[in-house]
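Below is one structure; the comments refer to it alone.
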Amino acid sequence: MLKIFTVLSLVLLTSCRESESTDRNNKEPKALQEKSIDLGSLRSGNNLVDDLYQELVNKSPELKVLENQLDELNTRDTTDIFYDYDQKSDAYYSSANSYINTINDSVMKQKILNLLHKNQEKYVSRKAELENLIKTIHKKRIEIKDYHNTLKIVLTLPLIEEYQKQHLPSKSPFEKMIEKENQLLLKTKKNTPKY
């Protein structure tokens, strides 16, 4: 009877531990579970903040929408319109200057050079407002990136804190290791001849 009770107690205790471990694993992010540590993924440039954040995104419709909007935000399409425009104008002025250098009549050359410079000054003032808008677009993009990175950290910090609380190693193995080291140190000292 005592054997049966002991066996049943062990089975119950083991199943409780497995259940507790399973519950913890179900709540614990996959990126923090021991079996998910993959050196290959660490080498490929993945990082724990991104992995944890992605798990949160997969569980949150709001975050999914936000991530889709961030992915769809392509400032390059807009800014390239200006850069193409500006590049053609710069190419024109460069070509025009080459033509001016081929003019031999110094008076005519100076008149055309002045005409070109006045036109170029008008162009520079005409495009100034667009350049300011481009700078604003770049600043906003940087600000969005800063807030996105902040969002990732703020949302994942509680996950790592919970992991740290749940998985803080016991001091016992470390204390036992120090004790073994102390014993070996004493034996080593004892066996070392006087020198």
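This table checks each residue for (1) modelled with pLDDT of 95 or more; (2) open to solvent by 90 Å² or more (accessible area, probe 1.4 Å); (3) in contact with a strand residue (DSSP E or B) (Cβ under 8 Å, 6 or more places away or on another chain); (4) not in a helix (DSSP H, G or I).
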{"residue": "R76", "(1), (2), (3), (4)": "no, yes, no, no"}
{"residue": "I103", "(1), (2), (3), (4)": "yes, no, no, yes"}
{"residue": "I134", "(1), (2), (3), (4)": "yes, no, no, no"}
{"residue": "H138", "(1), (2), (3), (4)": "yes, no, no, no"}
{"residue": "K152", "(1), (2), (3), (4)": "yes, no, no, no"}
{"residue": "F174", "(1), (2), (3), (4)": "yes, yes, no, no"}
{"residue": "E179", "(1), (2), (3), (4)": "yes, yes, no, no"}
Within the stretch 154-172, restricting to residues that are open to solvent by less than 90 Å² (accessible area, probe 1.4 Å) and outside any helix (DSSP H, G or I), the one that is farthest from L66 (Cα to Cα) is S170
In the stretch 165-183, what residues are over 30 Å from L32 (Cβ atoms) and under 46 Å from the mean Cα position of the chain (by Cα)? E179, K180, E181, N182
Determine, yes or no, whether Y99 is open to solvent by 70 Å² or more (accessible area, probe 1.4 Å), assigned to a helix (DSSP H, G or I), within 30 Å of K27 (Cα to Cα) and hydroxyl-bearing (S, T, Y). no
K109 meets each of (1) of a type in the set (K, R); (2) over 30 Å from R76 (Cα atoms); (3) open to solvent by 100 Å² or more (accessible area, probe 1.4 Å) with one exception, condition (3)
So, in the stretch 23-68, how many residues would count as being assigned to a loop (DSSP other than H, G, I, E, B) and at pLDDT below 95? 9
Can you tell which of L184, L155, L159 is more than 15 Å from V49 (Cβ to Cβ) and of a type outside the set (G, A, S)? L184
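The values are calculated or read from the model by the stated rules, or taken from the named source; none is laboratory data. Because the structure is predicted, anything quoted here is derived from the model rather than measured. Glycine also receives a Cβ, built like all others from the backbone with ideal geometry; neighbour counts cover every protein chain displayed. Keep in mind that these areas ignore ligands, DNA and RNA; they rest on the heavy atoms of the full protein, side chains included. Shrake-Rupley method; radii C 1.70, N 1.55, O 1.52, S 1.80 Å.
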